[in-house]
Amino acid sequence: MKGLRQQSKGARVNEINTANWLEVLRERQLIPEDHLAVSVVGSVAHGWHNDQSDFDIYVVTSGESASPGRSSITMPLNPPHVRTEMFYVGDRRWEVTYWLDSQYEQMLAKVSRDEFNRGVAPVRVLAPREELALGRLEGCLVLLGAPWFEARRKQLAESAFRSFVVARSLGAADDCVEDALGQMDSGNLESATLSARAALGFAVDALLEGHGQYGSQSPKWRPNRFRAACPPALSFEDYWALEIMRGYDPEDPRPWINQVLTICQDISMRVEVS
């Protein structure tokens with residue numbers, strides 16, 4: 001514990017090994033006896049963190065245990081919540097979220113192949129935190145419970161999770177493209193610009209999700225996800241030029257808007273949903 005406190009200011013997370021992570025959690029009695037898996041998630045797990053980043057931990061258990069120090073977050077699951085506990089080590093904020101194994105089973109059932117083939121509307125399948133939890137199965141740092149992760153990752157790969165999130169993002173992109181076209185036709189170029197920017201974000205998210213880079217709820221990490229996916233359909237340089245609106249002329253925004261919409265439509269045709 002002392003060593004972790006000394007590293008808390010300015011230290012890079014890759015200098016903190018698994019034993020250090022577990023030492024902090026066990027010292028605070030934050031790993032229940034019935035735990036099945038413990039992982040570090042979020043930017044830290046990907047190496048995208050900085051010295052101000054929070055440490056986010058997921059703990060999966062077989063049963064629910066009451067704790068007066070934990071907050072509750074409502075979820076569309078049974079039970080209808082997850083518990084969280086927050087604390088600080090030095091200046092670093094830690095947040096531990098407790099999931100039940102049965103809740104993962106429910107989330108995976110929502111994105112089964114049968115559900116996708118049944119034509120369930122993608123936008124209504126998962127709550128943002130559910131989507132985040134499933135997407136983090138792959139991009140996390142496993143501290144305990146490697147067999148649990150192996151089994152759940154296999155289930156995720158066999159599910160329609162990817163198809164659901166790609167379809168959701170493509171649908172949102174198409175809606176924004178239609179908005180932008182209508183707004184341009186009516187001469188509302190300011191709104192058309194905003195709709196085009198929104199379309200670009202959704203289309204790029206669909207492209208990255210198609211390559212297994214999930215996490216569209218956090219647009220701030222989109223460039224990092226793009227570099228990790230390295231999609232052949234669009235170079236990072238071309239994507240970034242559009243993201244920062246390079247070449248946008250406020251006196252004549254139509255060329256930029258049309259360029260963005262063309263790329264969004266091209267991505268829509270290239271990304272496979274199923």
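Assorted remarks:
- The listed residues are PRO68, PRO79, PRO32, and the only one of them that is assigned to a loop (DSSP other than H, G, I, E, B), of a type outside the set (Ser, Thr, Tyr) and surrounded by 15 or more Cβ atoms within 10 Å (Cβ to Cβ) turns out to be PRO32.
- Test for VAL120: is it out of contact with any strand residue (DSSP E or B) (no Cβ under 8 Å at 6 or more places or on another chain) and at negative phi: yes
- Some residue of the stretch 235-242 being in a loop (DSSP other than H, G, I, E, B) and either farther than 28 Å from GLN183 by Cα or in contact (Cβ under 8 Å) with a residue 40 or more places away in the chain (or both): yes
- Across the stretch 106-146, the qualifying residues are those that are part of a loop (DSSP other than H, G, I, E, B) and among the β-branched types (Val, Ile, Thr), and the one among them that is farthest from ALA19 (Cα to Cα) is VAL120.
- Looking only at the stretch 35-65, residues that are more than 15 Å from ARG92 (Cα to Cα), in a loop (DSSP other than H, G, I, E, B) and either open to solvent by less than 40 Å² (accessible area, probe 1.4 Å) or free of Cβ contacts under 8 Å to residues at least 24 places away in the same chain (or both) come to 1 in all.
- Residue in the stretch 178-191 that is surrounded by fewer than 19 Cβ atoms within 10 Å (Cβ to Cβ) and under 23 Å from the mean Cα position of the chain (by Cα) present: no
Conditions (1) touching a residue at least 12 places away in the same chain (Cβ under 8 Å); (2) open to solvent by 50 Å² or more (accessible area, probe 1.4 Å); (3) small (Gly, Ala, Ser); (4) on the phi > 0 side of the Ramachandran plot, marked per residue:
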| position | (1), (2), (3), (4) |
| --- | --- |
| LEU132 | yes, no, no, no |
| GLY139 | yes, no, yes, no |
| LYS154 | no, yes, no, no |
| SER163 | yes, no, yes, no |
| ALA167 | yes, no, yes, no |
| GLY171 | yes, no, yes, no |
| ASP174 | yes, yes, no, no |
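- Criterion (surrounded by fewer than 17 Cβ atoms within 10 Å (Cβ to Cβ), within 22 Å of VAL271 (Cα to Cα) and at pLDDT 95 or above) met by exactly one of PRO147, PRO223: PRO223
- When THR84, THR97 are checked against the criterion of being open to solvent by less than 40 Å² (accessible area, probe 1.4 Å) and free of Cβ contacts under 8 Å to residues at least 24 places away in the same chain, THR84 stands alone in meeting it.
- Flag for ARG153 being of a type in the set (Lys, Arg) and farther than 22 Å from PHE55 by Cβ: yes
- Residue tally, condition open to solvent by less than 50 Å² (accessible area, probe 1.4 Å) and assigned to a helix (DSSP H, G or I), over the stretch 243-265: 7
- Filter pass, ALA199 being aliphatic (A, V, I, L, M), out of contact with any helix residue (DSSP H, G or I) (no Cβ under 6 Å at 6 or more places or on another chain) and in contact (Cβ under 8 Å) with a residue 60 or more places away in the chain: no
- Residue check for ARG152: more than 30 Å from GLU251 (Cα to Cα) and out of contact with any Lys or Arg (no Cβ under 9 Å at 6 or more places or on another chain): yes
- Residue within the stretch 159-166 that is touching a Ser or Thr at 6+ places or on another chain (Cβ under 9 Å), outside any helix (DSSP H, G or I) and farther than 16 Å from LEU207 by Cβ present: yes
- Residue in the stretch 69-88 that is in contact with a Pro (Cβ under 8 Å, 6 or more places away or on another chain) and within 18 Å of GLU130 (Cβ to Cβ) present: yes
The values are calculated or read from the model by the stated rules, or taken from the named source; none is laboratory data. Here the structure is a predicted model, which means the values were calculated and not measured. With ideal geometry, Cβ positions are generated from the backbone for all residues, glycine too; neighbour counts draw on all protein chains shown. Please note that ligands, DNA and RNA were not included when accessible areas were found on the heavy atoms of the full protein model with its side chains. Shrake-Rupley method; radii C 1.70, N 1.55, O 1.52, S 1.80 Å.
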